[in-house]
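Heads up, the thing below is written out as structure tokens.
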Amino acid sequence: MLNKIQVKMTKDGSHTLMSSLFDDSYHAHNGAMSESEHVYIQSGFEQLKPEFKGVNILELGFGSGMNAILTLKSALAKTGKLVRPIRFTSIEAYPIPMEIVAQLNYKASFSPQIAELFDKLHQAPWDRDVELIPGFVLHKVYGKLQEFRTGDDSINLVFYDAFTPSKQPELWLQDNFDRLMPMMQVGGMLVTYCANGQFKRNLKAAGFKVKAYPGVLGRREMTRAWK
């Protein structure tokens, strides 16, 4: 299926992308970077339990690379070095062409170090481990969640960033969360912008502890869930 991508400006001055295949945007129109910062970094990565010696993130939807680069930015913010190792696995069925990536304006908001890492995220080959900096391993998976396996319960943070339930309903069904549960460590967390009622019921039915959390930029709520 052909997925034509257009770059669009959002209200916080950062770009999002519009997908012709799903007739949906990759981020909130009120602020792409602001939404990702709130949902996945401030409410997710920065809230992960300190007793986890390493961070093992599984992301659904690599997309523009926004969540990955903001994770790196946050992790390096205080000392310029990682406090604990990070493994970032991201599943993407429809990779964005590099000519579209080149149009994104995110690097203007970053330091030279983070801007360079943004390029490296997108240049990294698919389906293999790439150590972008010491302690940060990226593994981009070209495929779908339904085909993904870990073989253990090492994941402690999930960025669930699929298109909305009305556009990609198959990714919000309970069987997805039934599959995720055994891949996660006890105390591991799932975060997403979505606060759909049936989605939260599906999470609970799969065994997750679910809590609504304040949303941002016009969204009343987002969702956090724990194993």
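The values are calculated or read from the model by the stated rules, or taken from the named source; none is laboratory data. From a predicted model like this one, the values you see are computed outputs, not experimental measurements. When we count neighbours, we look across all protein chains shown, and the Cβ atoms used for this are built from the backbone with ideal geometry, even at glycine.
Being of a type in the set (A, V, I, L, M) and without any contact (Cβ under 8 Å) to a residue 60 or more places away in the chain is a condition met by at least one residue of the stretch 138-151. Among the conditions (1) free of Cβ contacts under 8 Å to residues at least 60 places away in the same chain; (2) in a helix (DSSP H, G or I); (3) touching a Ser or Thr at 6+ places or on another chain (Cβ under 8 Å), S36 misses just one, which is (3). Criterion applied to T71, T89 was being at pLDDT 95 or above, closer than 22 Å to Q185 by Cα and either among the small types (G, A, S) or in a helix (DSSP H, G or I) (or both), and the one residue passing it is T71.
If the condition is being within 12 Å of the chain's Cα centre (by Cα) and either surrounded by fewer than 16 Cβ atoms within 10 Å (Cβ to Cβ) or not acidic (D, E) (or both), then the stretch 73-107 contributes F88, T89, S90, I91.
Give the residue that is nearest to S34 (Cα to Cα), with candidates limited to residues of the stretch 102-128 that are touching a Leu at 6+ places or on another chain (Cβ under 6 Å) and of a type in the set (A, V, I, L, M, F, W, C). Applying the filter and picking the extreme gives L117. Going by what's in this entry, would H122 be described as over 19 Å from H15 (Cα atoms) and not hydroxyl-bearing (S, T, Y)? Against the criterion (over 19 Å from H15 (Cα atoms) and not hydroxyl-bearing (S, T, Y)), H122 does not qualify. Looking at (1) among the aromatic types (F, W, Y); (2) surrounded by fewer than 17 Cβ atoms within 10 Å (Cβ to Cβ); (3) closer than 17 Å to Y193 by Cβ, find the lone condition where F22 falls short. Unmet for F22, out of (1) among the aromatic types (F, W, Y); (2) surrounded by fewer than 17 Cβ atoms within 10 Å (Cβ to Cβ); (3) closer than 17 Å to Y193 by Cβ: (2).
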